[in-house]
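One structure is given below, encoded as structure tokens.
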């Protein structure tokens, strides 16, 4: 019996519906960002729009990486197996998403800080919230399944993968939040000792998924 590809969702009627609604929601989000950034001293509408575009593209990159990684991990750990061509398609989706994310992340480094602050805060907070919610509900599913004593074959695969994915999103957003100067209460002329302490909190070897803000 053949197994349906996880990419067929985008060709279904529901996928087409979302392909229409998502651009509309993105335009509404852009309008919200512009209104919120208008109160930031030194922010420029053109730069804010550019920053919003790059962060939205980063979000799309994260979605593509998720679409490519989650079904693959679930299948490898015990889920339904896919044909080789499906695995190759998922790999391409993941690679394109990663390249899209990294390219736009580098583009945000060239935008002035005043125009970037509000957009960056909204993006990191959104990713952090999504990671928290995904990890919370995945953990609840594991607890409920354990309490009910119902253990279908490979029942733990999807919840565990989503739990780890949610923790990764939450941790990456939190590391970016801690290392971002816009979240620091210290003045700009902080001593060298304070800067060294901030570097120690930047995570493993200074790695953060969302980069370092100027």
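Quick note: the coordinates plus some simple rules give every number you see, no bench work behind them. Values in this document were obtained by computation on a predicted structure and should not be read as measured data. When we count neighbours, we look across all protein chains shown, and the Cβ atoms used for this are built from the backbone with ideal geometry, even at glycine.
Just a few scattered comments:
- Residue within region 118-138 that is surrounded by fewer than 14 Cβ atoms within 10 Å (Cβ to Cβ), touching a residue at least 40 places away in the same chain (Cβ under 8 Å) and either touching a helix residue (DSSP H, G or I) at 6+ places or on another chain (Cβ under 9 Å) or not in a helix (DSSP H, G or I) (or both) present: yes
- Screening residue 85 on (1) part of a helix (DSSP H, G or I); (2) surrounded by fewer than 18 Cβ atoms within 10 Å (Cβ to Cβ); (3) in contact (Cβ under 8 Å) with a residue 12 or more places away in the chain shows it passes everything except condition (3).
- Number of positions in region 51-82 that are part of a helix (DSSP H, G or I) and over 18 Å from residue 124 (Cβ atoms): 11
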